[in-house]
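Below is one structure; the comments refer to it alone.
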Amino acid sequence: MNRSILIGALSLCLYLPALAENSAFERTKHALGLPLATPLAVIPTLANTPGRFGAYFKTRVVIHNLTTNSYTLDAILCGPNGIVAQQSISMSANQYRSYDNFLQDVFNYRGAGAVVLAGDINSLNLDEADLINDAPYKFSVTAEVYSDSPSGRYTTTVVNGIVPLVDSGPRAFSAGITVGQDQRVNVGVFNLGVSTIPVQAIVHDSSGFVTQTIDFSVGALSWQQKTVSRPVDNGFIRWQIDARGGLPFLWAVSVDNRSNDGTLTWPARPDVTLE
């Protein structure tokens, strides 16, 4: 890891506790239809890689500077073993940038992973409690993974508003899980935290019977995705998370085996309330 990536990683890791303390209320507001510009955004899963049944998956990303300031975004690419690379993205006042293949265009990277976008993390004043609200570098981001086919483009929306962070508690659920001849399901975890965390994706059928347990051990700033390998019809996933020292993003993506069209769903937490 070179020095600039190391400095950026350390700054980001120091910044995470402030993010975690503010995330629950702010993210609930987003979910209620009040999206806010942000100085830090996470795209938990991106791809620039061939897939099953002849697909090639790419990721379209759009970044919009919603301020009259010019600044530099640090883009940090994270893979299965932590940080892979870091690049800078210059944003002029009110600038709108779009990338049809973000991992290739920004990192010259082939594979899959997660990306953290942060406004000038090397100069953050970590003692300012109001940094998240008053940062001079706020932006919006959208991201979608897509595959072109003879019938057109099939897309899976990853970021278009709120991206839930499972930042406390042991339970979360993903519904509508079907694996069979016509459909496959992948489940994944991105850990934005500073410590390795264990995560289990426990697959249930529609009657509640456990059909499979998928184990993850996800290091700091690391991304993992695995396949639900056993058939299930209209089941659900019960996530078991020990998030101490971690900030996990969890997802399940269902993909049609004929078209490679996918639907990504974030988990629901039964114990989240707006206080």
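Every number in this text was worked out from the coordinates using simple rules, so none of it is lab data. What you see is a predicted model; the values in this text were computed from it and never measured. Heads up, the Cβs are rebuilt from the backbone with ideal geometry, glycines too, and the neighbour counts pull from every protein chain shown.
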Margin query: For segment 219-261 and segment 59-86, what is the centre-to-centre distance using only Cα atoms, to the nearest Å?
Written below: 23 Å
Notebook entry, point to check: If Lys and Arg each add +1 and Asp and Glu each add -1, what is the summed charge of the other residues whose beta carbon sits under 14 Å from the beta carbon of Ala55?
Noted result: +2
Item checked: Gain on full stretching of the segment that runs from Ser88 to Thr178 - 0.36 nm per residue minus C-alpha separation -> 28.4 nm
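Please give the length that would be gained between Thr196 and Ser149 if that part of the chain were fully extended, namely 0.36 nm times their separation in residues minus their C-alpha to C-alpha distance (nm, one decimal).
Numbers: separation 47, 0.36 × 47 = 16.92 nm, distance 3.84 nm.
Length gained, Thr196 through Ser149: 13.1 nm.
Within a Cβ distance under 12 Å of Arg97, other residues only, what is the Lys/Arg minus Asp/Glu net charge?
Values: positive: Arg60; negative: Asp100, Asp105.
Once positives and negatives cancel, what remains is -1.
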Check: Net charge near Leu46, counting Lys/Arg +1 and Asp/Glu -1 over other residues with Cβ under 11 Å of its Cβ?
Finding: +1
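Would you please put 109-118, 248-257, 64-73, 203-212 in order of how densely packed they are, using the mean number of other Cβ atoms within 10 angstrom per residue and starting with the highest?
Working: 109-118: 21.8, 248-257: 20.2, 64-73: 17.3, 203-212: 13.9.
My ranking of the peptides, most packed first, is 109-118, 248-257, 64-73, 203-212.
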Check: Is the shape of segment 136-275 best called rounded, prolate or oblate, per the rule: a/c under 1.5 gives rounded, else a/b larger than b/c gives prolate, else oblate, with a ≥ b ≥ c the square roots of the Cα gyration tensor eigenvalues?
Finding: oblate
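For the peptides 224-232, 88-96, what is the packing order when you average, over each peptide's residues, the other Cβ atoms within 10 Å and list the highest mean first? Before the final figure, lay out the partial values.
Values: 224-232: 16.1, 88-96: 14.0.
In decreasing order of mean packing, 224-232, 88-96 become 224-232, 88-96.
What ranking do 139-145, 234-240 get when scored by the average of other Cβ atoms within 10 Å per residue, highest first? Walk me through the intermediate numbers first.
Details: 139-145: 21.3, 234-240: 19.3.
Ranked by mean Cβ neighbours within 10 Å, highest first: 139-145, 234-240.
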